[in-house]
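Visitor: This is the structure I want to talk about, given as structure tokens.
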Amino acid sequence: MKNLYSTLFILFIGLAAFGQSAEIKKADKLFVQRAYIDAAEAYENVVDKNQQVLQNLGDAYFYTNQMESAAEVYRTLFLRHEENTAPEYQFRFAHSLRAIGNQDEANEYMSDYTGEEVNYEDFARKLDTVAPHVYTTEQIMNNSASADFGIAFYGDRIAFASTRNQERPVYPWNKKPTLDLYTAEMSEDGELSDIVLFSDKINTDEHESSATFSQDGQVMYFDRNSENRVKNEEGIRVAHIKIFRAEMVDGEWSNIEALPFTSDEFSTEHPSLSADGSKLYFASDMPGSEGSFDIYVVDVNEDGTYGEPENLGTGINTPHREQFPYISEEGVLYFASDGHQGFGNLDVFRAEGDFNEAQNLGNTVNSGHDDFAFVIDEENQKGYLASNRRGSDNLYVFTREDYVPPVVDFDDRETNLETGRQQLKDVGNIYFAFDKSTIKEESKPTLDKVVNIMNKYPELLIEIGSHADARGSDKYNMALSERRAASTLEYLVENGIDRSRLTSKGYGESMPLNDCTQPTGCTAEQYAKNRRSEFTIMNNEDTMNSNEMEDKE
């Protein structure tokens, strides 16, 4: 009898192990097919969750924006398998913690991931002093039954993508219908009406989204999943995204073709056409990208051909995701990224000029969830974005205003007669040796004055603006001035000033205080005058006015 019980027990254990193995195999298949909702349900049925099960279960929740569940699973993963867990799980764990408001733990895991100290609170406080605008956002409609995103200006109407068409096939990732493109009227208070599907020439059973239009409304670019599936690394056939072009002919969208630089082997997506129609910005994971997706630009030639796509470089792109570019009429690039420091998951950033630096738009736009597909009418200071901060993707309308820092009343201020900026009274600048960024001994009494004044006025915010002389290349001098600004800031921090009250900015050789704009022709003393750090008061209304005047000049 004893042997019979032993045999039955062994048989029971074997059947349980076989059942668990079958459940894992079923869940793994759903996971590689990107059927994440069903995969999560299957993984939850596994009683003894090994490391791979925990990794996939956490990812399945993360990719479907179930951040509380994702954080709980990732926490278990790190408690049991921290030494053997790949760094990308630290990255996703930190973002899921951001989304649920656990900032201290998110700081810890993101710091481990980056190898640098990450402090969310310091970042947010500092950004409050430098973000140029504040935004008032309002959800357009509470449409939990479908996902809506990607508004584009379309004449006096708008276009957007939605999963609301119940006649389309269900997409396994989120168990919603595939995306179609719609057009609608938008009222002054952000209400959608007269919602109409684009024709079947545009919409198919594949995903269509992210439309952009020429100024005359006669040309349209948009996303569509390729009909051709190619095998990925897991051997699963995947349909990549292509950018298509369509022309308006006799009131109908016609001549619909994929752009020549698209491919079945990688995705090109989220097109945005410049105001003059000469450049098309888009996201892609094509070979040579910095990360999973990068922002690119391609010339649109007058004869209808295209140039070679050009990666916008490391000022914009990171080893992670950069998507949803939008180029405004004023040439400002807005895009979404989870690679630059932000508030969690995708944040909206802006960049100007040569796109060397990305600036977070701040927490009046961004949340701990995905915030993306930002577009703006800069003349009217109004626009739209998408966010899944309330569960599914929804559309938001916003208005934008210039940020005005709080006014601080104090006597220790004066106007710099050479720059027109408000500065600390009787403090002046500090100066640097040629090609150096180290603080001179003779500069320390001046810096100590700055410390004393900032201690006297705890609300005071200062920009450290640093400069170089004209000897050396523009690029080198910009980097040199940034190092000078950083070393100046660090001295103040080491002497007790909260980092969040300080902003450092390098100006290179762009703002000389004399006529020494060439690498030769001036005395050593004349060049030395431009190797400086200045201290500008940032929370004084007069300062902001003088800065605006300087920008206009």
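The values are calculated or read from the model by the stated rules, or taken from the named source; none is laboratory data. From a predicted model like this one, the values you see are computed outputs, not experimental measurements. Please note: Cβ atoms are built from the backbone with ideal geometry, for glycine as well, and neighbour counts cover all protein chains shown. The protein model used for the area step is the full one, side chains on, heavy atoms only, and it has no ligands, DNA or RNA in it. Shrake-Rupley method; radii C 1.70, N 1.55, O 1.52, S 1.80 Å.
Visitor: For helix 2-32, report the angle its Cα long axis makes with the longest principal axis of the Cα atoms of the chain; keep it between 0 and 90° and round to the nearest 10°.
Guide: 50
Visitor: In nm, to one decimal, how far is the modelled label at Q166 from the one at N228, with both set 7 Å along Cα→Cβ?
Guide: 3.7
Visitor: Gain in length, D303 to Q526, computed as 0.36 nm per residue apart minus the alpha-carbon separation, to one decimal in nm?
Guide: 75.1 nm
Visitor: With the Cα gyration tensor of the chain in hand, give its eigenvalues times 5 under a square root as the equivalent ellipsoid semi-axes, listed largest first in whole angstrom.
Guide: On the way: eigenvalues 446, 217, 92 Å².
In descending order, the three semi-axes are 47, 33, 21 Å.
Visitor: Once you put a point 7 Å from the Cα of D104 and another 7 Å from the Cα of V196, both along the Cβ direction, what distance in nm separates them?
Guide: Distance between label points: 5.7 nm.
Visitor: How many angstrom lie between the C-alpha centres of the range 169-206 and the range 62-115?
Guide: 34
Visitor: Restricting attention to the range 274-372, which trypsin sites (Lys or Arg not before Pro) occupy a DSSP loop and are surrounded by at most 11 other Cβ atoms within 10 Å? Can you show the working numbers first?
Guide: Working: sites: K279, R321, R350; in loops: none.
Passing sites in the range 274-372 do not exist.
Visitor: So, one more: Rounded to the nearest 500, what is the chain's calculated 222 nm mean residue ellipticity when only DSSP H runs of at least 4 contribute -39500 (n - 2.57) each, over all residues? Provide the component values of the computation, followed by the final result.
Guide: Details: 11 runs with 155 residues, N = 553.
It lands at -9000 deg cm²/dmol.
Visitor: If I model a spin label at A124 and Q518 as a point 7 Å from the Cα along the Cα→Cβ vector, what separation in nanometres do I get?
Guide: 5.3
Visitor: Report the extension gain between Y403 and F434 in nm, rounded to one decimal, defined as 0.36 nm multiplied by the number of residues separating them, less their alpha carbon distance.
Guide: Numbers: separation 31, 0.36 × 31 = 11.16 nm, distance 3.67 nm.
Computed gain between Y403 and F434 is 7.5 nm.
Visitor: Sequence gap at least 6, Cα distance under 8 Å: using those rules, report the relative contact order of the chain to the nearest whole percent.
Guide: Details: 1160 pairs, mean separation 56.8, N = 553.
Reported relative contact order: 10 percent.
Visitor: In addition: Any idea what diffusion coefficient the range 162-219 gets from Stokes-Einstein, in µm²/s, Kirkwood Rh on alpha carbon pairs, 10 °C, 1.306 mPa s? It would help to have the intermediate numbers written out before the result.
Guide: Numbers: Rh = 12.8 Å.
Answer, rounded: 124 µm²/s.
Visitor: What percentages, rounded to whole numbers, describe P(r) for the range 413-545 computed over all alpha carbon pairs with 5 Å bin width beginning at zero?
Guide: With a bin width of 5 Å, the distribution comes to 2, 11, 21, 24, 20, 13, 6, 2, 0.
Visitor: Residues of the chain: accessible area per residue at 1.4 Å, in Å²?
Guide: Details: 27050 Å² over 553 residues.
The answer is 49 Å² per residue.
Visitor: Can you tell me the FRET efficiency between Q359 and N452 if r is taken as the Cβ-Cβ distance and R0 is 41 Å, rounded to the nearest 0.05?
Guide: Details: r = 31 Å, r/R0 = 0.76.
It comes out at approximately 0.85.
Visitor: Computed FRET efficiency, Cβ-Cβ of E379 and D48, R0 51 Å: what is it to the nearest 0.05?
Guide: On the way: r = 61 Å, r/R0 = 1.19.
The calculated FRET efficiency here is 0.25.
Visitor: I've got another one for you. Check each of the GluC sites (Glu not before Pro) in the range 181-278 and keep only those in coil by DSSP with at most 13 other C-beta atoms within 10 angstrom; list them in order. Please report the intermediate quantities before stating the final value.
Guide: Numbers: sites: E185, E188, E191, E206, E208, E227, E233, E234, E247, E252, E257, E265, E269; in loops: E188, E191, E206, E227, E233, E234, E265.
Taking the range 181-278 and a limit of 13 other Cβ atoms within 10 Å, the loop GluC sites (Glu not before Pro) found are E188, E191, E227, E233, E234, E265.
Visitor: Can you give me the angle between helix 541-552 and the longest principal axis of the chain, using Cα atoms only, in degrees from 0 to 90, rounded to the nearest 10?
Guide: It works out to around 80 degrees.
Visitor: Under 8 Å for C-alpha pairs, at least 6 residues apart: give me the relative contact order for the range 38-193, rounded to a whole percent.
Guide: Numbers: 165 pairs, mean separation 18.3, N = 156.
Result for the range 38-193 is 12 percent.
Visitor: Still on this structure: Considering only protein heavy atoms and a probe of 1.4 Å, how much of the accessible area of the chain is carbon and sulfur, as a whole percent?
Guide: Carbon and sulfur together cover 47 percent of it.
Visitor: Quick one: how many Å² of S392 are accessible to a 1.4 Å probe, rounded to 10?
Guide: Probe radius 1.4 Å; accessible area of S392 about 30 Å².
Visitor: For the range 121-181, compute Rg over Rh where Rg is the Cα radius of gyration and Rh is the Kirkwood radius from the inverse mean 1/r over Cα pairs. Please list the in-between numbers first.
Guide: Values: Rg = 17.3 Å, Rh = 14.8 Å.
Computed over Cα atoms, the ratio is 1.17.
Visitor: Calculate the dipole size of the chain relative to its Cα centre from +1 charges on Lys and Arg beta carbons and -1 charges on Asp and Glu beta carbons; express the result in debye to the nearest 20. Each step should come with its number before you reach the end.
Guide: Working: 50 positive and 100 negative charges, 425 e Å.
It comes to approximately 2040 debye.
Visitor: Stretched out fully, how many nm does the piece from K29 to E459 gain, at 0.36 nm a residue minus the Cα gap?
Guide: Numbers: separation 430, 0.36 × 430 = 154.80 nm, distance 5.69 nm.
Full extension from K29 to E459 adds 149.1 nm.
Visitor: Okay, next question. For the range 181-287, what is Rg from Cα atoms divided by 2.2 N^0.38 Å, rounded to two decimals? Numbers along the way, then the final one.
Guide: On the way: Rg = 15.3 Å, N = 107, 2.2 N^0.38 = 13.0 Å.
So the Cα radius of gyration is 1.18 times the expected 2.2 N^0.38 Å.
Visitor: With a Förster radius of 22 Å, plug the Cβ-Cβ distance of A258 and E329 into 1/(1 + (r/R0)^6) and report the FRET value to the nearest 0.05. Before the final figure, lay out the partial values.
Guide: Numbers: r = 27 Å, r/R0 = 1.24.
The computed FRET efficiency comes out at 0.20.
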